[in-house]
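> One structure coming up, written as structure tokens, with questions to follow.
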Amino acid sequence: ANLPAGWLADRLSLRWMMGASMGGTTLATLAIGAAVGFWPLLALVTVTAISSGSYHPVATSFLSSYFRAGQRGRALGFHLIGGSLGTTVAPLLGGVIAELLGWRYAFVFLAIPGLASVPFYFRLRLDRGQLPEEAARPIASTTSATGSTTPSLVQSLRPIALIFSLFTAMQLITVGVTSLLPVFLVDERLVAPAAAAMMLALIRGGGMPGGPLGGWVSDRLGRKGTVVLSLV
């Protein structure tokens, strides 16, 4: 979802895209609470992933229009606190709710805050924060007013191909380990399922200080140096 969402972010209303992304994510999460069988569950989880994946490039573009280059790293870093806080608190609350009421209620109750936030996205005013040099939204044509040609996807990826590959390799390892950690705890250490799910909060909580710290370093060392440092 990231590539098409990023393409649409340059052409459509950012606040409507963010609202639709959050709405799709929360509605699919609510529906998971009523899913019966593996295949409906797989379909709803896929819809949830596509909807939530659409949010990130749109939110980045939105925030970039509010802050200048020397401030964007810190702004994006603090924005990441929200996501990290959510992924830290959700396993804790989800485990408690699942233990008391059952797993279905965990999905239903955790979707409610996200659903309540949707109207606030539609009320965001992009024009109030837009920087003067970015007041004009990009157009869909391949040639700008100055005559320069918009770079293709291949041209855009070429300068970041190495970092892109390294991050992909890192994600393959970390996401795989994180996703299977509760299964390992239940099967090999005989931990209760709800408690095993809550253990994810310990790992994801690292994103809270990491986001603003990375943003602060980015504004001072530059983006390339920060990316290399984080990979190391």
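The values are calculated or read from the model by the stated rules, or taken from the named source; none is laboratory data. All of these numbers come straight from a predicted model, not from anything done at the bench. Don't worry about glycine lacking a Cβ; one is built from the backbone with ideal geometry, like all the others, and counts go over all protein chains shown. Only protein heavy atoms, including side chains, enter the accessible area calculation; ligands, DNA and RNA are left aside. Shrake-Rupley method; radii C 1.70, N 1.55, O 1.52, S 1.80 Å.
> Inspect the stretch 26-42 for any residue being modelled with pLDDT under 90, part of a helix (DSSP H, G or I) and of a type in the set (Ser, Thr, Tyr) and give the result as yes or no.
no
> Report yes if Ala145 is open to solvent by 90 Å² or more (accessible area, probe 1.4 Å) and at pLDDT below 80, otherwise no.
So Ala145 fits the description; yes.
> If I filter the stretch 62-77 down to residues being open to solvent by 40 Å² or more (accessible area, probe 1.4 Å), in contact with a Gly (Cβ under 7 Å, 6 or more places away or on another chain) and in a helix (DSSP H, G or I), which single residue comes out as farthest from Arg11 (Cα to Cα)?
Here the answer is Arg74.
> Suppose the filter is buried (at least 16 other Cβ atoms within 10 Å of the Cβ), basic (Lys, Arg) and in a helix (DSSP H, G or I); does Arg104 pass it?
no
> Still on this structure, please answer the following. Does Phe38 qualify as being among the aromatic types (Phe, Trp, Tyr) and open to solvent by less than 70 Å² (accessible area, probe 1.4 Å)?
no
> May I pose another question? Looking at Thr29, Thr25, Thr46, can you tell me which residue is among the hydroxyl-bearing types (Ser, Thr, Tyr) and open to solvent by 60 Å² or more (accessible area, probe 1.4 Å)?
None of the others qualify; the one that does is Thr46.
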